[in-house]
1. Among Ile112, Ile65, which is the only one that is buried (at least 23 other Cβ atoms within 10 Å of the Cβ) and assigned to a strand (DSSP E or B)?
2. Among the residues of the range 174-222, write down those that are in a strand (DSSP E or B), touching a helix residue (DSSP H, G or I) at 6+ places or on another chain (Cβ under 9 Å) and within 30 Å of Lys52 (Cα to Cα).
3. Can you pull out the residues in the range 205-264 that are more than 28 Å from Thr100 (Cα to Cα) and among the acidic types (Asp, Glu)?
4. Across the range 68-109, which residue is surrounded by the most Cβ atoms within 10 Å (Cβ to Cβ) among those that are closer than 20 Å to Lys52 by Cα and more than 16 Å from the chain's Cα centre (by Cα)?
5. Please specify each residue of the range 39-87 satisfying the condition of being of a type in the set (Asp, Glu) and free of Cβ contacts under 8 Å to residues at least 60 places away in the same chain.
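What follows is calculated from the coordinates using simple rules that are stated; it is not laboratory data. Just so it is clear, the structure is predicted and the values come from calculations on it, not from any experiment. With ideal geometry, Cβ positions are generated from the backbone for all residues, glycine too; neighbour counts draw on all protein chains shown.
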Amino acid sequence: MRMTLLTAALLASAAPLFAQSSSLYDPAIIHAPQDGVVKLYGAGGPHTAFQKVADVWMEKTGNKIEIIAGPESKWSPMAQADADILWGTSEQSMTAFLETYKTFSSDQVEPIYIRPTIIAVKQGNPKGIKGFDDLLAPGMKIVVTEGAGVYNTSGTGAWEDVAGRLGNLGDVTAFRKNITAFAKGSGASYRAFGEQDADAWITWPNWPATKDDLEQIDLAPERTVWRDVNVALSPLADAEAAAFLAFLVTDEAQELMKTEGWLR
């Protein structure tokens, strides 16, 4: 029987925070991923698109894959023991991961897809938001994703990059006044968006693509910031892991990834 294993640790409760990613490192854990199952670990976001690709690959090959996603603190000990592949939802996120997962190194990291920052709004766009300038209006309620120095997330600094793209300090100042939540991680941002009845959230296309209560508003090209998703293959990985990574960038896989905003 074909096994489809999506272990997504996207929990409703906030994850414990650590001052640095390296505090998760446990030198007593032996990295031994060769167990017959290709295991990918990383932050939530790409995992739903990865699972679409994994389902097709498992159907074709009969090999097993597990996609383990969510706050790093929930899966770090497991990944240190048996990760065949790590994915980073940005370059700065992967750089932080490499402080903990010592078997992996920077020269093993490969960017494989890229996606733009977008504005997520409530389904139906009740505020009629058309672009960035609408977010500067007094009283607008905006959620942004931030690591705040204690959390590894792809959203760190993304809102500031968007607001400051044109070199206008006033844009950053006006935008910042409207931020109602600096949420640690995209899952926390999504919850804050609902709980605070926010008007907008600076995020990535996969969120409105996978949530019925969100709608995507594109930023103008001159405002858009792009960040990649990248992967690193363990030198001790199961033999099938490299084959899956090769499939992950095929034309067939690209069509599946594109459904959630991931582009090559």
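1. Values: Ile112 fails: buried (at least 23 other Cβ atoms within 10 Å of the Cβ).
Of the residues listed, the single one that is buried (at least 23 other Cβ atoms within 10 Å of the Cβ) and assigned to a strand (DSSP E or B) is Ile65.
2. Passing the criteria: Ala183, Ala200, Trp201, Ile202, Thr203, Leu214, Glu215, Gln216, Ile217.
3. Of everything in the range 205-264, those that are more than 28 Å from Thr100 (Cα to Cα) and among the acidic types (Asp, Glu) turn out to be Asp212, Asp213, Glu215, Asp218, Glu222, Asp251, Glu252, Glu255, Glu260.
4. Start the filter on the range 68-109 by keeping residues that are closer than 20 Å to Lys52 by Cα, which leaves 68-70, 83-89.
The next check asks that each one be more than 16 Å from the chain's Cα centre (by Cα); those that pass are 83-84.
Numbers: Ala83: 29, Asp84: 26.
Top of the filtered list is Ala83.
5. Looking only at the range 39-87, we keep the residues that are of a type in the set (Asp, Glu), and these are 55, 59, 66, 72, 82, 84.
Selection gives Asp55, Glu59, Asp82.
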